[in-house]
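Participant: Got a structure for you, questions after.
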Number of protein chains: 2
Amino acid sequence: MDPMTVPVHQGTGYPAPFDADVRARKKRKLGDALGLTNFGVNLVALPPGCWSSQRHWHSKQDEFIYIVSGILTLVMNEGERELSAGMVAGFPAGVENGHHLVNTSDADAVYMEVGDRLAGDICEYSDIDMRTQIIEDGKTDRYVHKDGTPY
Amino acid sequence: MDPMTVPVHQGTGYPAPFDADVRARKKRKLGDALGLTNFGVNLVALPPGCWSSQRHWHSKQDEFIYIVSGILTLVMNEGERELSAGMVAGFPAGVENGHHLVNTSDADAVYMEVGDRLAGDICEYSDIDMRTQIIEDGKTDRYVHKDGTPY
């Protein structure tokens, strides 16, 4: 399959004001389009200035990224690092080191992300008063304040 | 991380004579090197004539591939299809359509493969008298004939 045939989803479901820096993100859900369910694979384009997400880490799910084109800045607890095309990074479940990618260059950048879908995962955001909470069905999550109050 | 810093594993654990066509395969286990456990991510180089594997499908595990460079021929029940750099394919768990990649070109080709590690998976080989069987610990598998006799 040619990934360019997969529809683009632009934006984020983050509550305001946390959506602002991620709003220009364009995601193609390749794994879903191919019928995969155990993990997701997305091809993501970030224009200059755009973030991949708010800085976060997952309690149960692993994450992997591969830089397809352009240059992206990986931000973690220990600081920043530039990643160029062909480089990879991994974020093992349960490691409390929030990460995200920021396009600090003046050109578009594209990366591929893989994440599994183990049930009961919680996502903690490092820099803002937000985390996710599993709701009644045991699968879906929602954004809440650190004290559990819903957004 | 630069994938080129990850050690190369050449070859296959297939019993003879099924190893012959896969012997030149070079695999870098990126996910393992990054500390990921829920799924594997490998960067695989196939010289001309080499196969990715024997043609197979998985009972419980999803698979995804992304062509990094070169041209590879995807073989499935319905025939052959050429995949060039940037193209992707997915093989959902339980779909009884054996697949593999063959480098029918005269240049090296490189692809990235992702597969989850759900327990209890069985791998069925389409063209040969082989499948995998889970052994006592419930995690490890081994190669057996279709009738269950070990190789």
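The values are calculated or read from the model by the stated rules, or taken from the named source; none is laboratory data. Remember, it's a predicted structure, so these values are computed and weren't measured experimentally. Here the Cβ positions follow ideal geometry from the backbone for every residue, glycine too, while neighbour counts run over all protein chains shown. Ligands, DNA and RNA are excluded from the accessible area calculation, which covers all protein heavy atoms including side chains. Shrake-Rupley method; radii C 1.70, N 1.55, O 1.52, S 1.80 Å.
Participant: For B:113, B:82, write out the residues from largest to smallest accessible area, computed with a 1.4 angstrom probe and no ligands counted. Provide the component values of the computation, followed by the final result.
Facilitator: Working: B:113 35, B:82 120 Å².
Largest accessible area first, the list is B:82, B:113.
Participant: Right, next: Can you put A:8, B:75, B:114 in order of accessible area, largest first, using a 1.4 Å probe? Display every interim value, and only then the final one.
Facilitator: Details: A:8 70, B:75 25, B:114 5 Å².
Sorted descending by solvent-accessible area, the residues read A:8, B:75, B:114.
Participant: Would you check the accessible area of residue B:149, probe 1.4 Å, heavy atoms only, in square angstrom rounded to 10?
Facilitator: Residue B:149 exposes around 70 Å² with every protein chain in place.
Participant: Further question: Using the Karplus curve 6.51 cos²θ - 1.76 cosθ + 1.60 with θ = phi - 60°, work out ³J(HN,Hα) for each residue of the stretch A:25-32 in order, rounded to whole Hz, and write x for Gly and Pro.
Facilitator: Those phi angles translate into 5, 10, 10, 10, 8, 5, x, 4 Hz.
Participant: In nanometres, what is the gap between the two model label sites at residue A:20 and residue B:127, each 7 Å from Cα along Cα-to-Cβ?
Facilitator: Here the answer is 5.8 nm between the modelled labels.
Participant: Moving on. Carbon-plus-sulfur fraction of the accessible area of the stretch B:76-128, 1.4 Å probe, in percent?
Facilitator: Working: 1150 of 2430 Å².
Carbon and sulfur: 47 percent of the exposed surface of the stretch B:76-128.
Participant: Over all pairs of distinct alpha carbons, what does the Kirkwood formula give as the hydrodynamic radius of the stretch A:1-89, in Å?
Facilitator: Values: mean 1/r = 0.0691 Å⁻¹.
For the stretch A:1-89, inverting the mean 1/r across all distinct Cα pairs yields 14.5 Å.
Participant: If DNA, RNA and ligands are ignored and the probe is 1.4 Å, what is the ranking of A:76, A:130 by accessible area, most exposed first?
Facilitator: Numbers: A:76 45, A:130 0 Å².
Of A:76, A:130, the descending order of accessible area is A:76, A:130.
Participant: Still on this model: Considering only protein heavy atoms, what is the solvent-accessible area of residue A:18 at a probe of 1.4 Å, reported in Å² to the nearest 10?
Facilitator: 30 Å²
Participant: If you roll a 1.4 Å probe over the heavy atoms of the protein chains, what accessible area per residue do you get for the stretch A:1-50, in Å²? Mind showing how you got there, number by number?
Facilitator: Values: 2270 Å² over 50 residues.
For the stretch A:1-50, the solvent-accessible area averages 45 Å² per residue.
Participant: Follow-up question, since we're still on this one. Report the accessible surface area buried between chains B and A, summing both sides, using a 1.4 Å probe on protein heavy atoms only, in Å² rounded to the nearest 100.
Facilitator: 2300 Å²
Participant: Let me ask something else about it. Using Cα pairs closer than 8 Å and at least 6 residues apart in sequence, work out the relative contact order for the stretch A:4-151, in percent. Walk me through the numbers before you get to the answer.
Facilitator: Values: 361 pairs, mean separation 34.5, N = 148.
Contact order relative to length: 23 percent.
Participant: Same structure, new question: Work out, in µm²/s and without decimals, the Stokes-Einstein translational diffusion coefficient of chain A at 20 °C, 1.002 mPa s, Rh from Kirkwood over C-alpha pairs. Don't skip to the end; give the middle numbers.
Facilitator: On the way: Rh = 15.9 Å.
Estimated via Stokes-Einstein, D reaches 135 µm²/s.
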